[in-house]
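The values are calculated or read from the model by the stated rules, or taken from the named source; none is laboratory data. The structure presented is a predicted model; accordingly, all values stated were derived computationally and were not measured. Note that we place each Cβ from the backbone using ideal geometry, even for glycine, and neighbour counts take in every protein chain shown. With ligands, DNA and RNA removed, areas are computed over all heavy atoms of the protein, side chains included. Shrake-Rupley method; radii C 1.70, N 1.55, O 1.52, S 1.80 Å.
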Amino acid sequence: MKFLIIPLLLASAGMLAQQANPPVFSLQDAVNYAYENSNSIRNARVNILDAEQNVREQLSTGLPQISAALDYTRYIKVPVLPLPEAFAALNPDPNAPAPDGIAFQRKNNFTGGLNVSGMLFDGSFFVGLRAARASSDYFNLQLEDAERQVRNQVTQSYFPVLLTSTNIEIVSRNIRNLEQLLSETEAQYEAGFVEQLDVDRLVLSLNNLRSTRNDLEQQRENALRALKFALNYPESQELEVSEDLDELEIEVESAALTSDVPYQQRSEVRLLDQTLRLQDLNIDLQKAAYLPRLSAVASGQYQYQGDSFDDGFWAPTVLLGVSANIPIYDFGGRASRLERARLDKEKVVNQRDDLVRSIDLEVRNARGSFNAARDRLENTRQNQELAQRIYETTQIKYREGVGSSIEVVQAEQQLYEAQANYLNALYDTLVAKEDLYIALGR
């Protein structure tokens, strides 16, 4: 029994270790996880598999079709055909009664055959095959577009978790510093060097910071839930992020800010280009309706007839044939379908033109937003460093008795505001960079 307990204890310990150490995702880890678990990407992959089967199905329609047929009939009463009166005159016995009719069937009839049919020429087949293969390329582009959208969703959900986590760390550090200052001030109050008012001001600031940290922790939980949703990650399982907001790369190469807009890097443009190719194939398909269709057929069968299964006979039949379907006139139906296909293509051309113009606007706005966010980030970084120096100097003056608690509280508020402004500017810069890369089709 003890040999069974040890593996159970080890398994339980492993489960506890997994619960105690939740998975830690970097941004790339999160994106890779979403690529594997996103339902939109799964559906895009299913569409690719479906397109491959569509190509095979379309190809099979142009190959010979083979079928077999079996048929059995049992006549309870065999049908007969009436005979003309002239047949009665041929009867050598004038006293014999005239027959009612003659039967051309036996009671048992069995037929087995094999049929082979094949297309000799059909213009729509070759166009349809090209269209099926082009649709496979279209669905591959859809997969790429789905991956781009998923990456954007994951990134936009990942950054708020980093922002709130960094905010919590800064506020916690400020709480520790303020608790130390409060402890020193209370000691000075006990010694009679400061007033109760100085202690109360620090206590009020400390309570506000603790309340702020509680709010940030709730915001982080909300951001984590949003990230799990974007990843299609189980809500009940724990998840942590590993990136540091300050360590993420915020700079972009100069070409991203100055080069021509690379339209072909945008999957939406390539999707519309592929749609135009499909529209061209649709026009060719409608034109093919004017061409004749040729097909060939071969058939062979054996037929058995007999009143019983041992007195009948087998009759073989073999045939070959060719058929042609030549369209002549359909009162404008084909012409209307051809014109509608051309009109559909014209709409796609207009959609592509609107998309190109919208991409131009999106890139210009994204470049302007990134430049403004980067300038604001540099300004808030300098302000944060300046507020940090002011706060440290004010604390030194207060400890040495040459400064007031009001100055400490004011410097403290200015530091907190500068820290918040810097984090918000850093977050805005990262989002602006991501938006710029999305606009450029990265």
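With r defined as the distance between the Cβ atoms of Lys107 and Ile48 and R0 fixed at 51 Å, what FRET efficiency is calculated, to the nearest 0.05?
Working from the Cβ atoms, E equals 0.30.
Here's the list of lysines a cross-link from Lys345 could span, going by alpha-carbon distance under 18 Å and ignoring same-chain residues fewer than 8 apart: Lys287.
Take the Cβ atoms of Gln264 and Arg342, set R0 to 35 Å, and the FRET efficiency comes out at 0.90.
When a/c reaches 1.5 or more, the comparison of a/b and b/c decides; with that in mind, is the range 326-399 rounded, prolate or oblate per its Cα gyration tensor?
Note, shape of the range 326-399 comes out prolate.
Shown is the FRET efficiency for Ala298 and Lys77, computed with R0 = 51 Å from the Cβ-Cβ distance and rounded to the nearest 0.05: 0.90. Loop-located GluC sites (Glu not before Pro) in the range 386-441 (DSSP state other than H, G, I, E, B) with a sparse environment of at most 15 neighbouring Cβ atoms within 10 Å: Glu400. Out of these labelled values of percent of Cα pairs over 27 Å apart, (i) 50; (ii) 56; (iii) 75, which was calculated from the coordinates shown here? The calculated read-out lines up with (iii). Taken about its Cα centre, the range 259-399 carries a charge dipole of about 1260 debye when Lys and Arg each add +1 at the Cβ and Asp and Glu each add -1 at the Cβ. Fully extending the segment from Arg210 to Arg173 would add 12.2 nm, taking 0.36 nm per residue of separation and subtracting the current Cα-Cα distance.
Taking the helices alone, the chain has a mean residue ellipticity at 222 nm of -23500 deg cm²/dmol, built from -39,500 (n - 2.57) per DSSP H run of at least 4 residues and averaged over all its residues. Of the chymotrypsin sites (Phe, Trp or Tyr not before Pro) found in the range 310-385, those that fall in a DSSP loop while having at most 14 other beta-carbon atoms within 10 Å are Tyr329, Phe331. When the chain is treated as a GNM with alpha-carbon contacts under 10 Å, the residue of Asp122, Asp200, Asp311 showing the greatest mean-square fluctuation is Asp311.
Treating cross-link reach as a plain straight distance, find the aspartates and glutamates whose alpha-carbon is under 12 Å from the alpha-carbon of Lys77, omitting any fewer than eight places away in the same chain. Cross-link targets: Asp307.
Subtracting the Cα-Cα distance from 0.36 nm times the residue separation, let me have the gained length for Val203 to Gln351 in nm, one decimal. Intermediate results must be reported in sequence, preceding the final value.
Values: separation 148, 0.36 × 148 = 53.28 nm, distance 6.21 nm.
Extra length available between Val203 and Gln351 comes to 47.1 nm.
For Leu114, put the label point 7 Å out on the Cα→Cβ axis and report which residues of the range 289-311 keep their amide N under 15 Å from it. Residues 298-303 fall inside that zone. Pop out the carbon and sulfur fraction of the accessible area of the range 294-390 as a percent, whole number, probe 1.4 Å. Exposed carbon and sulfur together represent 54 percent of the surface. Extending 7 Å from the Cα toward the beta-carbon at both Arg56 and Asn39 defines two label points whose distance is 2.7 nm. Computed on the chain, with alpha-carbon pairs under 8 angstrom and 6+ residues apart, the relative contact order is 22 percent.
Between Arg148 and Arg334, the modelled label-to-label distance comes to 4.0 nm, taking each label 7 Å out from Cα in the direction of the beta carbon.
Diagonalising the gyration tensor over the Cα atoms of the range 273-338 and scaling each eigenvalue by 5 before taking the square root yields semi-axes of 48, 15, 10 Å, largest first. Over the chain, accessible surface divided per residue gives 61 Å², non-protein components excluded, 1.4 Å probe.
Direction-averaged projected area, Cα convex hull, the range 106-259: 24.5 nm², rounded to one decimal. Membrane-span-like helices in the chain (whole DSSP H runs, Cα extent of at least 20 Å along the helix axis, mean Kyte-Doolittle hydropathy of at least 1.0): 2-20. Counting every pair of alpha carbons in the range 181-279, the share spaced more than 19 Å apart comes to 74 percent.
Would you work out the charge dipole size for the chain about its Cα centre, treating the Cβ of every Lys and Arg as +1 and the Cβ of every Asp and Glu as -1, and quote it to the nearest 20 debye? Walk me through the numbers on the way to the answer.
On the way: 43 positive and 62 negative charges, 394 e Å.
It comes to approximately 1900 debye.
Over the range 279-436, what is the relative contact order in whole percent, taking alpha-carbon pairs under 8 Å and six or more residues apart?
Details: 123 pairs, mean separation 33.3, N = 158.
Reported as a whole number, the value is 21 percent.
What is the diffusion coefficient of the range 216-341 in µm²/s, taking the Kirkwood radius over Cα pairs and the Stokes-Einstein relation at 4 °C with a viscosity of 1.567 mPa s? Estimated diffusion coefficient is 53 µm²/s. Dipole magnitude for the range 180-278: about 760 debye, using +1 per Lys or Arg Cβ and -1 per Asp or Glu Cβ, origin at the Cα centre.
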